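Undergrad: Starting off with a structure, shown below.
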Amino acid sequence: MSAELANLRFLLVDDNHHMRAIVSAILKGVGVKHVREAMDGAEALQAMREGPVDIAIVDFKMTPLDGVQFTQLVRNSHDSVDPFLPIIMLTGFAERHRVFEARDAGVTEIVVKPVTARSLLDRINIVIFRPRPFIRSGDYFGPCRRRRDEPNYSGPLRRESDGLGALEI
């Protein structure tokens, strides 16, 4: 996988210096050459304006702008540099409502701390080689939140906003 990663540009966003060092070491250990770092979501948005980013790895909890707020701005702001940016969120908060909060903000993948090389590289592999399509539905824009295919579903409409209620079945 290292040849595929060598030219990708990563943005690593975490207010904890030690966590940035760990994740950066994992990335460099598999051949990543381009890692920019930011201490919070606001600094990360500025870094995105200064140069292209292929994948962002962001912490959930930061101040003044946390990972969820950063993701919402990347996905929905009228002046977003790249609303389709793959965003992998690191979090020590694995409670269901936190995971849903990140998912509903438009996070592409989640890695629960403590971060291992395997868990991080698995998520990177997914965003590169098995990207989910992006959807716009009501108040959401981001990667499709559906993780499984329904084998018994045969229709074209899958969301409430698709107008399913107006169809005769």
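Undergrad: Looking for something closer than 21 Å to LEU11 by Cβ, part of a loop (DSSP other than H, G, I, E, B), in contact (Cβ under 8 Å) with a residue 12 or more places away in the chain and not charged (D, E, K, R) - is there at least one such residue anywhere in the stretch 116-128? Don't jump to the end; show me each part of the working.
TA: Narrowing the stretch 116-128 to residues closer than 21 Å to LEU11 by Cβ: 116-117, 119-128.
Now restrict to residues that are part of a loop (DSSP other than H, G, I, E, B): 116.
Then drop every residue that is not in contact (Cβ under 8 Å) with a residue 12 or more places away in the chain, which leaves none.
Within the stretch 116-128, not a single residue is closer than 21 Å to LEU11 by Cβ, part of a loop (DSSP other than H, G, I, E, B), in contact (Cβ under 8 Å) with a residue 12 or more places away in the chain and not charged (D, E, K, R).
Undergrad: If we scan the stretch 11-24, do we find a residue that is part of a helix (DSSP H, G or I), modelled with pLDDT under 95 and within 14 Å of LEU121 (Cα to Cα)? Show your work before the answer.
TA: Our first condition is that a residue be part of a helix (DSSP H, G or I); within the stretch 11-24, this holds for 17-24.
Adding the requirement that they be modelled with pLDDT under 95 leaves none.
Within the stretch 11-24 (the criterion being part of a helix (DSSP H, G or I), modelled with pLDDT under 95 and within 14 Å of LEU121 (Cα to Cα)), the answer is no, since none of the residues qualifies.
Undergrad: Moving on to the next point. Suppose the filter is open to solvent by 70 Å² or more (accessible area, probe 1.4 Å) and either hydroxyl-bearing (Ser, Thr, Tyr) or assigned to a loop (DSSP other than H, G, I, E, B) (or both); does VAL81 pass it?
TA: Values: open to solvent by 70 Å² or more (accessible area, probe 1.4 Å): yes; either hydroxyl-bearing (Ser, Thr, Tyr) or assigned to a loop (DSSP other than H, G, I, E, B) (or both): yes.
Against the criterion (open to solvent by 70 Å² or more (accessible area, probe 1.4 Å) and either hydroxyl-bearing (Ser, Thr, Tyr) or assigned to a loop (DSSP other than H, G, I, E, B) (or both)), VAL81 qualifies.
Undergrad: Return the total of residues in the stretch 45-56 being out of contact with any Lys or Arg (no Cβ under 9 Å at 6 or more places or on another chain) and either surrounded by 15 or more Cβ atoms within 10 Å (Cβ to Cβ) or among the β-branched types (Val, Ile, Thr) (or both).
TA: Of the residues in the stretch 45-56, 3 are out of contact with any Lys or Arg (no Cβ under 9 Å at 6 or more places or on another chain) and either surrounded by 15 or more Cβ atoms within 10 Å (Cβ to Cβ) or among the β-branched types (Val, Ile, Thr) (or both).
Undergrad: Take the conditions more than 22 Å from ASP15 (Cα to Cα), at pLDDT below 95 and in a helix (DSSP H, G or I) and apply them to SER154. Does it pass? Before the answer, list the steps.
TA: Details: more than 22 Å from ASP15 (Cα to Cα): yes; at pLDDT below 95: yes; in a helix (DSSP H, G or I): no.
Spelling it out, it is not the case that SER154 is more than 22 Å from ASP15 (Cα to Cα), at pLDDT below 95 and in a helix (DSSP H, G or I).
Undergrad: Going through the stretch 128-139 one residue at a time, which ones are out of contact with any strand residue (DSSP E or B) (no Cβ under 6 Å at 6 or more places or on another chain) and either farther than 15 Å from ASN76 by Cβ or open to solvent by less than 50 Å² (accessible area, probe 1.4 Å) (or both)?
TA: Listed by number, the residues that qualify are ILE128, PHE129, ARG130, PRO131, PRO133, ILE135, SER137.
The values are calculated or read from the model by the stated rules, or taken from the named source; none is laboratory data. The model shown is predicted, which means the values in this text are computed figures rather than measured ones. As a convention, Cβ positions derive from the backbone with ideal geometry for all residues, glycine included, and neighbour counts pool all protein chains shown. With ligands, DNA and RNA removed, areas are computed over all heavy atoms of the protein, side chains included. Shrake-Rupley method; radii C 1.70, N 1.55, O 1.52, S 1.80 Å.
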